[in-house]
Each structure stands twice: as structure tokens, then as C-alpha cells.
1. Scan region 49-61 and give yes if some residue there is within 14 Å of the chain's Cα centre (by Cα), among the β-branched types (Val, Ile, Thr) and open to solvent by 40 Å² or more (accessible area, probe 1.4 Å), otherwise no.
2. For the subset of region 8-33 comprising residues that are without any contact (Cβ under 8 Å) to a residue 40 or more places away in the chain and in contact with a helix residue (DSSP H, G or I) (Cβ under 7 Å, 6 or more places away or on another chain), which member is most open to solvent (accessible area, probe 1.4 Å)?
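The values are calculated or read from the model by the stated rules, or taken from the named source; none is laboratory data. Everything numeric here is computed off the predicted structure, so don't read it as measured data. Counting neighbours? That spans all protein chains shown, and the Cβs are built from the backbone with ideal geometry, glycine included. With ligands, DNA and RNA removed, areas are computed over all heavy atoms of the protein, side chains included. Shrake-Rupley method; radii C 1.70, N 1.55, O 1.52, S 1.80 Å.
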Amino acid sequence: MSRSLPSLLVLFGPLFLLGFGAGALRALASRPAISDRRRRALQAAWVLLLLVGAPLWLFLAAALGVF
């Protein structure tokens, strides 16, 4: 099944944004000037972003009929 570029961007674009956001949070968490409490919060946030965001987007995309 062949898909056009815009339909692939609609399907996978939010997943790329989730991955980029998680990577940015992970990079922020590894900065040396961050306090330990904030570092733990950022580490938890990037993991939760991936664990919750990706399945939520896939469920939403299926519900909207993007597939």
C-alpha cells in the first residue's frame, strides 16, 4: 500500500515531535547546572512523554481514521 508524503507526515509527524520533545527533555536533564530535584523530574518527564504520548497518538490516529 503506497501512501503520499502528506499522509505519511500526518501519521508519523506527531511521533517525530514526541521523540524530539523527549530528546530535548533528556538533554536538559543532563546539563550540569540543573539541581538534582529538577534533574529527576526532567528524567521522569521524558520517559513518560514516550510511554504515554506515543500510544496515545496511535490510539487517537486510529480513532480519527488516519490509518
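1. yes
2. That would be ARG26.
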